[in-house]
Structures are given as structure tokens and as C-alpha cells.
Protein chains: 2
Amino acid sequence: MKRVAARKPSAAAARERLASWIASRGLKATRQRDLIVDTFFTQTGHLSVDELLDKVTARDSSIGAATVYRTMKILTDAGLASARHFEGGQTRYEAALDRHHHDHLICTSCGRIFEFENERIEELQARVAEQHGFRVTHHKLELYGLCKACQERQQ
Amino acid sequence: MKRVAARKPSAAAARERLASWIASRGLKATRQRDLIVDTFFTQTGHLSVDELLDKVTARDSSIGAATVYRTMKILTDAGLASARHFEGGQTRYEAALDRHHHDHLICTSCGRIFEFENERIEELQARVAEQHGFRVTHHKLELYGLCKACQERQQ
DNA sequence: TTTCATTTTGAAATTGATTCTCAATCTCGA
DNA sequence: TCGAGATTGAGAATCAATTTCAAAATGAAA
Ligand SMILES: [Mn+2]
Ligand SMILES: [Mn+2]
Ligand SMILES: [Zn+2]
Ligand SMILES: [Zn+2]
């Protein structure tokens, strides 16, 4: 039996949650899904399907892109991943289990993504919504610009 | 000479600004562009290219979609329109001349879009950026949910 | 175990918004 | 009026994502 690399505790929990999600709706467990989910939770950050596909096909080159798309949709529906639609193209996914809501700073030069939480901003948003009689289901706050490193690099 | 419908004062200003923008970079004035620009500034709100194309082809059915895309790009580059990328596909454009920065509430049921300005939120965003040593170029704050009317309609 | 209805898969086709290409047509300064 | 250069509309191309479909895999019941 092969020894398995240590994994983040949340990864195991996520796999368990996924198993019951799958069982509870008559879906079936598959080798491909397991591998994709395992690969996803082994990574950190905000992954595009393309990037994830690369890691996945490095492990099993027979897995198709459609299956990765489909699996990430399942993870999202199960609340184990969140889909983020930043500017400029592909959807990115991040692990969602045991994570607080947070927003993002995106460097338009190097593409790095930073996270922040700001309770005060959330409150003010809620107040704005209230003033409009609006019931907010979700929101998006994204700050685009140059990260510290890129500012320094550009002198 | 045909009488022209009364138009918002900003529309005339925008056309003037566009004329000098076009002249200043060796572009040429065209009938199609005039008609598209005129149609755009006659409308209010956040228009998709498809919606704009409909209004445009109602006036001249020979105008192609590519020309509408190209014209909206010019208006955007000239700072006379802003492109908004809300959830769900197409870019929407709104008039930008003499408008403050503002953010949006988007009803996911009826699609209506409401605007707000909140100086306090802007300040807090600036502070967040500062804490990360980030130089923000632009940001996006969008609140999605049900507008008042849609809440009431759904009982 | 075997059966077999159901789900899943990978490849390829399709979608939908947008951009590009290209030959024909227009614009505008000389 | 001329002609270099810009613009046009149609259709092709692009790109991420979804759908289709026939073959393969899964798992509950027998
Ligand atoms: Mn994040
Ligand atoms: Mn607006
Ligand atoms: Zn950077
Ligand atoms: Zn509504």
C-alpha cells in the first residue's frame, strides 16, 4: 500500500461531505471525480479549470476537460467550492469549506489575488440594500490594481 | 428639414466630444456611427449590445452587429460610455459623461439595475487597499438579489 | 455473483458573446 | 476630383463553457 502525502485536514472533510452529497442524490462515485477533487483540495488559491486540468492530467492523462468542468460544478453546488468570476475570462474556483465570506484584491499585472474581510463594509452594503428595499443574496467586491511587488518592480 | 426630437443636453455634449475624439486621432465620421451613438444617448440605463442593436436596426436594418461593438468600444475609449460586466454574459454600457462613480444593485429576478453611491464604502475600500500596499485602478461592487417589487410579487 | 437501470465519461459538436478578417465602400484633405 | 487610409457588413474565428452521444462504469437488487 502506497504512502499518501499529508493533506490539509479540510480536504478529508470536504471529501466526506462530497460523498454524502453524492450519495444523497443518486449520483455515483467515480475514479475521475475522486482524482479531480483530491487534486483540487491539495491546491490552494484561486484555480482556473485550465490550471486544474493541467494538474489532473499530470496524474491521469485520460481525464477530459468536460469532467473537470462537471466536477467543479458539483463541488460548487455542494458548497465545497466557490466559483469566482474575476475580470478577463475564466472562472476560478477556491475551496469553500469552513471559510468566511471574503472579498478580493486582484493585481492586474501579475495576476496575484489577495483576500480581505471587512465587516464595516459589509454592514454598509447591508444598509444600502435596506435603503432600496433590496434583499441581497450575494455580492461582489473586487479591487483591481497593482500589488505592492508590481509597483516596486515598475520602479 | 426634419424636426428632431428633443434630446437630453448631455447627448449633444457627448456627440461633440466624440467628434473631437474622432478628429484628433485620424478616425472618420460615418453615418453608421452617428446613428448608433445617437441611439445610445437617446436611451437611458444599462444597455447590452444586443438591445442597442435592436434599436439601431429598427432605424437602419443594414447596420451590422460588428459596427455596434466597434462603436461602443470607441465611446468607451473616449470616456463617454462605461462598460459594465455584470453576472450572466453580455457587457452592458451606460453613458459616462458628467457622471460620478457609482455602484450597482442588480435584481436577479427582473434584471432591473439600481445605482448607489456611498462615500464611506469607498473610503473603507481605499483603506483596505492601503493596508495591502495596493494601488487600486478600479473596483467593482455589485449587490445581487431581489428588488422590492420582485419580493412583493413573490408573495 | 450477475443483472441492468442509471449515471458517468471523453470526444466532439455546439453555444453565445465578442473579435477578427477581408473585400467592397466610404471619407476627407490635398 | 483623387486616393490613401478608415470603415463597413458578413461570415469566420475565438474562447470558455455546455451539451450531445455512444460506450463504459457504478451499485442496488436479485
Ligand atoms: Mn478567495
Ligand atoms: Mn450605472
Ligand atoms: Zn502584482
Ligand atoms: Zn426585480
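Under 8 Å for C-alpha pairs, at least 6 residues apart: give me the relative contact order for the stretch B:106-152, rounded to a whole percent. Intermediate results must be reported in sequence, preceding the final value.
Working: 26 pairs, mean separation 29.7, N = 47.
Normalised by residue count, the contact order of the stretch B:106-152 is 63 percent.
Ordering A:SER10, B:SER48, B:SER24 from largest to smallest accessible area (1.4 angstrom probe), what's the sequence? Please report the intermediate quantities before stating the final value.
Values: A:SER10 45, B:SER48 0, B:SER24 85 Å².
Ranked list, largest accessible area first: B:SER24, A:SER10, B:SER48.
To the nearest 10 square angstrom, how much accessible area does A:VAL128 have with a 1.4 angstrom probe?
Surface accessible to solvent at A:VAL128 totals approximately 10 Å².
Could you report the buried accessible area between A and B, both sides summed, computed with a 1.4 Å probe and given in Å² to the nearest 100? Working shown, then result.
Numbers: alone 10600 and 10610 Å², together 18210 Å².
Approximately 3000 Å², summed over both chains.
Enter the accessible area of B:THR137 (Å², nearest 10), with the probe set to 1.4 Å and all protein chains included.
That residue has around 90 Å² of solvent-accessible surface.
Evaluate peptide B:125-131: per residue, the Cβ atoms of other protein chains within 10 Å of its Cβ; return the mean as an integer.
Values: counts 7, 1, 3, 10, 5, 0, 3.
Partner-chain Cβ atoms within 10 Å, mean over residues of B:125-131: 4.
What share of the DSSP beta bridges in the stretch B:77-155 is antiparallel, in percent to the nearest 5? Please list the in-between numbers first.
On the way: 8 of 12 bridges.
In the stretch B:77-155, DSSP labels about 65 percent of beta bridges as antiparallel.
Would you tally the net charge around A:GLN154, using a Cβ to Cβ cut-off of less than 15 Å, leaving A:GLN154 out, and scoring K and R as +1, D and E as -1?
Values: positive: A:ARG112, A:LYS148, A:ARG153, B:ARG135; negative: A:GLU152.
Spelling it out: positives minus negatives among the neighbours equals +3.
With respect to the cross-link table entries A:LYS73/B:LYS140; B:LYS28/B:LYS140; A:LYS73/B:LYS55; A:LYS140/B:LYS28; A:LYS140/B:LYS73; A:LYS73/B:LYS148, which display a Cα-Cα separation exceeding 28 Å? Write out the running numbers ahead of the final one.
On the way: A:LYS73/B:LYS140 25 Å; B:LYS28/B:LYS140 34 Å; A:LYS73/B:LYS55 37 Å; A:LYS140/B:LYS28 39 Å; A:LYS140/B:LYS73 25 Å; A:LYS73/B:LYS148 30 Å.
The answer is B:LYS28/B:LYS140; A:LYS73/B:LYS55; A:LYS140/B:LYS28; A:LYS73/B:LYS148.
Ignoring ligands, DNA and RNA, what accessible area per residue does the protein assembly as shown give at 1.4 Å, in Å²? Numbers along the way, then the final one.
Values: 18210 Å² over 310 residues.
Ligands and nucleic acids excluded, the result is 59 Å² per residue.
Equivalent ellipsoid semi-axes for chain B, as square roots of 5 times the alpha carbon gyration tensor eigenvalues: give them largest first, rounded to whole Å. The partial results should precede the final answer.
On the way: eigenvalues 190, 99, 41 Å².
The three semi-axes for chain B are 31, 22, 14 Å.
With a cut-off of at most 14 other beta carbons within 10 Å, and DSSP calling the residue loop, which GluC sites (Glu not before Pro) in the stretch A:96-155 qualify? Please list them. Intermediate results must be reported in sequence, preceding the final value.
Values: sites: A:GLU115, A:GLU117, A:GLU119, A:GLU122, A:GLU123, A:GLU130, A:GLU142, A:GLU152; in loops: A:GLU117.
Sites meeting the loop and neighbour criteria: A:GLU117.
Quickly estimate the mean residue ellipticity at 222 nm for chain B, helices only: each DSSP H run with n ≥ 4 gives -39500 (n - 2.57), and the total goes over all residues, rounded to 500.
Details: 6 runs with 71 residues, N = 155.
The helix contribution divided over chain B gives -14000 deg cm²/dmol.
Could you pull out the trypsin sites (Lys or Arg not before Pro) across the stretch B:1-106 that fall in loop regions by DSSP (anything but H, G, I, E, B) with no more than 13 other Cβ atoms inside 10 Å?
Values: sites: B:LYS2, B:ARG3, B:ARG7, B:ARG15, B:ARG17, B:ARG25, B:LYS28, B:ARG31, B:ARG33, B:LYS55, B:ARG59, B:ARG70, B:LYS73, B:ARG84, B:ARG92, B:ARG99; in loops: B:LYS2, B:ARG3, B:ARG7, B:ARG25, B:LYS28, B:ARG99.
Sites meeting the loop and neighbour criteria: B:LYS2, B:ARG3, B:ARG7, B:ARG25, B:LYS28, B:ARG99.
In the full protein assembly as shown, how much of B:ILE106 is accessible to a 1.4 Å probe, in Å² to the nearest 10?
Ignoring ligands and nucleic acids, B:ILE106 comes out at about 20 Å².
What residues from the stretch A:83-118 fall in the zone where the backbone N is under 12 Å from a label point 7 Å along the Cα-to-C-beta line of A:TRP21?
Label zone hits: A:83, A:94-98.
For chain A, give me the percentage of DSSP beta bridges that are antiparallel, rounded to the nearest 5 percent. Present the calculation step by step, with values, prior to reporting the outcome.
Working: 10 of 14 bridges.
Here the share of antiparallel DSSP bridges comes out near 70 percent.
Can you give me the distance in nm between label points at B:ARG31 and A:THR30, each placed 7 Å from the Cα along the Cα-to-Cβ direction?
5.6 nm
Rounding to the nearest 10 and keeping the result within 0 to 90°, find how far the Cα-based axis of helix A:49-59 lies from the longest principal axis of chain A.
30 degrees
State, in angstrom, two size descriptors of the protein assembly as shown derived from its alpha carbons: Rg to one decimal place and Dmax to the nearest whole number.
In order Rg, Dmax, the Cα atoms of the protein assembly as shown give 23.6, 89 Å.
The values are calculated or read from the model by the stated rules, or taken from the named source; none is laboratory data. All of these numbers come straight from a predicted model, not from anything done at the bench. Note that each Cβ is placed from the backbone with ideal geometry, even for glycine, and that neighbours are counted across all protein chains shown. Protein only, heavy atoms only, side chains kept; ligands, DNA and RNA dropped before computing areas. Shrake-Rupley method; radii C 1.70, N 1.55, O 1.52, S 1.80 Å.
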